[in-house]
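Here's the structure, in C-alpha cells; my notes come after.
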Amino acid sequence: MQHKVIVVGAGLAGSEAAWQLAERGVFVHLYEMRPKKTTPAHHTGAFAELVCSNSLKSLDAATAAGTLKHELAVLGSFVLACALESRVPAGGALAVDRETFSALVSQRLSTHPGIEVHNEELTDIEGIRAGGTPVIIATGPLTSDALADNLTALIGQERLAFFDAAAPIVEADSLDRERLFAQSRYDKSGADYLNAPMTQEHYEAFIHELTSAQRVILKEFEGADLFQACQPVEEVARCGLDTLRYGALKPIGLTEPKTGRRPWAVVQLRPENKAGTAYNLVGFQTNLSFSEQQRVFRMIPGLEHAVFARYGVMHRNTFIDAPQVLDRSLALRADTQIRFAGQITGTEGYVEAIGTGLFAALCTYAQLLGKEPPRLPKEGVLGALLAYATDPTVTDYQPLHVNYGIMAPLDPPIKRKRERYAAYSKRALHAMEDFRAQQGHLSFVPAYEMPSLQ
Ligand SMILES: Cc1cc2nc3c(=O)[nH]c(=O)nc-3n(C[C@H](O)[C@H](O)[C@H](O)COP(=O)(O)OP(=O)(O)OC[C@H]3O[C@@H](n4cnc5c(N)ncnc54)[C@H](O)[C@@H]3O)c2cc1C
C-alpha cells in the first residue's frame with residue numbers, strides 16, 4: 001500500500017517537503033489556500049512565492065548562509081535547484097527572477113504524479129488526518145487565523161507567538177572585552193552577563209541618537225496590545241531621559257571593576273548559547289531600521305565593531321515555541337506523526353525554510369519505513385540551527401537564521417575570523433556528506449554542485 005502524507009502550505013518549506021516525499025514514492029496531499037484566500041504579504045497564487053527580497057543571500061561557502069546552500073545541494077534540495085535555474089546576476093548572492101522561480105516550483109509540483117494539490121485553506125489538523133496520516137505543517141509566518149486557532153488548541157495558547165519582537169544578537173568575537181566586564185546583577189548565578197558601562201555623558205548622547213533614529217513604521221504594530229506587551233527600546237527611551245536607566249539599562253547591583261563604582265547606566269549582554277559565541281542585547285527589542293541599529297548600537301561601549309548575527313525585528317510572525325513542543329525531528333512531542341517545517345518553527349529565512357522542509361520530509365519518510373528519524377550533524381549549519389530550535393533548555397525562544405555564532409566551537413580553536421569561518425564551512429560540508437553516506441535507506445535524490453562565486 002502506498003504511504004500518504006499531508007503537507008499544509010506550499011511555501012518554501014512545504015514545496016520542498018512535498019517534492020522530497022513524492023520523489024520517494026509517498027503520495028502527498030498538498031494544501032495551499034492561495035489564491036482563494038491570501039495573506040497580508042503574498043500577491044499571487046503561485047507556490048514558493050518570495051514575499052519580500054528576491055535574494056536568497058550569499059553563495060560564498062565561507063559564510064553561514066552560503067554553507068547552508070552547499071549543505072542543501074548535498075541533500076539534493078528541489079527548491080534550491082529551482083532557484084539556481086531562475087538565477088539573476090547578483091554578485092556573490094543567489095538572487096532569482098521571482099516569477100520564473102515560483103512558476104518552476106508550481107509547475108513541477110502540480111504535474112508530479114505523486115502529488116495532489118488541494119486549493120483550500122486547512123483549518124483542522126486532527127480532522128483531516130482521519131486514520132492517522134502523517135502531517136507536515138508548513139504554513140509560515142502568516143499562517144491563517146483559523147489554523148492558528150486550531151494550533152493553539154493542539155499545542156496550548158502559550159506555545160504560539162503572533163509577533164516577533166526580538167532584540168539584536170551580536171557575535172562574541174566582535175566585542176571589545178577591554179571595555180566590558182563580566183558580572184551578574186548582585187553577583188547572583190556567576191558572571192554570565194557581559195556589561196557595557198556608560199558614563200552620564202555617554203548615556204545621554206546614546207539616548208539622543210536612539211530616540212531620533214529612523215524607525216520602520218509598521219501599521220499593524222500601532223495597536224496598544226503589542227506596545228504594552230513588548231515595547232521597543234526606542235519607544236521606552238522616548239518616555240523620558242532617565243526611563244531606560246530605571247529599566248533595561250539600570251546599573252543597580254553592578255560594580256565596574258576598573259573604577260570600583262556603580263556606572264551611570266549599563267547595557268547587559270546575555271549569552272545566547274552555552275559556548276558563549278553570541279550575545280543578546282537585553283531589553284533591546286526594536287523597530288529601528290537595520291542600518292540605524294548598526295549605527296546607534298555600535299555607540300555602546302565595547303560594541304564599536306559589533307557584528308550582528310541578527311538584527312532586532314518586530315513584525316507579524318506566527319511561530320511555535322519549538323524548544324518546548326518539538327523533538328529533534330521537528331515532530332510534536334505529544335504526537336510524533338505531526339511535524340512542523342519552515343518559519344512556523346521559529347527558524348527564519350528563505351533558505352532555512354527550504355532546509356527545514358527537506359529535513360521534515362526525511363524524518364517523515366524514515367518514520368514511514370519504521371526507522372528512527374535521522375539526526376542532522378550538529379557540526380553543520382542546518383544541524384546547529386535545529387539543535388538550537390529544539391533544545392528544551394532554551395527559554396524565551398526567538399526566531400533565528402543560520403549563523404556561525406551558534407556553531408559548536410572548533411577544536412582546537414582558530415582565532416582569525418576568516419580562517420575560522422572557512423574551517424566551520426569545511427567541517428559542515430564533510431559532516432553533511434558523511435550524513436548522506438550513512439543514511440542510505442533514506443533514498444536520497446541526486447546531489448548537485450553549487451556554482452562557484454563570480
Ligand atoms: C513580510 C515578510 C517579509 C519577509 N522578507 C524576507 C526576506 O526578505 N528574506 C528572507 O529570507 N525571509 C523573509 N521573510 C521570512 C519568510 O517568510 C520566510 O523566510 C519564508 O517565506 C518562510 O517560508 P515558509 O515556507 O515557512 O512560509 P511561506 O513561504 O509563507 O509559506 C506558507 C504557505 O502556507 C500557506 N498557508 C497559510 N495558512 C494556510 C492554511 N491554513 N491552509 C493552507 N495554506 C496555508 C500560505 O498561503 C503560504 O503559501 C519575510 C517574512 C515576511 C512575513
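Derivation of every value follows stated rules applied to the coordinates shown; laboratory data play no part. None of these values were measured; they are calculated from a predicted model. Note that we place each Cβ from the backbone using ideal geometry, even for glycine, and neighbour counts take in every protein chain shown.
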> Which angle between 0 and 90 degrees, to the nearest 10, do you get for helix 12-23 versus the longest principal axis of the chain when only C-alpha atoms count?
Replying inline: 30
>> I want the antiparallel fraction of DSSP beta bridges within the range 1-152, as a percent rounded to 5.
In response: 25
>> Cβ neighbours within 10 Å, averaged per peptide: list 123-136, 398-411, 57-70 in order, most packed at the top.
In response: 57-70, 398-411, 123-136
> Summing -39500 (n - 2.57) over the DSSP H runs of n ≥ 4 in the chain and dividing by its residue number, what mean residue ellipticity at 222 nm do you reach, to the nearest 500 deg cm²/dmol?
Replying inline: -9500 deg cm²/dmol
>> Students often check this: by mean Cβ neighbours within 10 Å, which of 366-374, 144-152, 286-294, 18-26 ranks highest, and how do the rest follow?
In response: 18-26, 286-294, 144-152, 366-374
> When ranked by the protection proxy of mean other Cβ atoms within 10 Å per residue, highest first, what sequence do the peptides 442-448, 412-418 form?
Replying inline: 442-448, 412-418
>> My understanding is that a pair violates if its Cα-Cα distance is over 31 Å; which of 37/57; 250/378; 378/415 do that in this structure?
In response: 250/378
>> Can you say what percent of the DSSP beta bridges in the chain, counting only those with both residues inside, are antiparallel? Round to 5.
In response: 65
> For the chain, what's the relative contact order in percent, using C-alpha pairs closer than 8 Å and at least 6 residues apart?
Replying inline: 22
>> I'd like the orientation of helix 98-110 relative to the chain: the angle between its Cα long axis and the longest Cα principal axis, in ° from 0 to 90, rounded to 10.
In response: 40
> What angle do you read, to the nearest 10 degrees and between 0 and 90, between the alpha-carbon axis of helix 417-438 and the longest principal axis of the chain?
Replying inline: 30
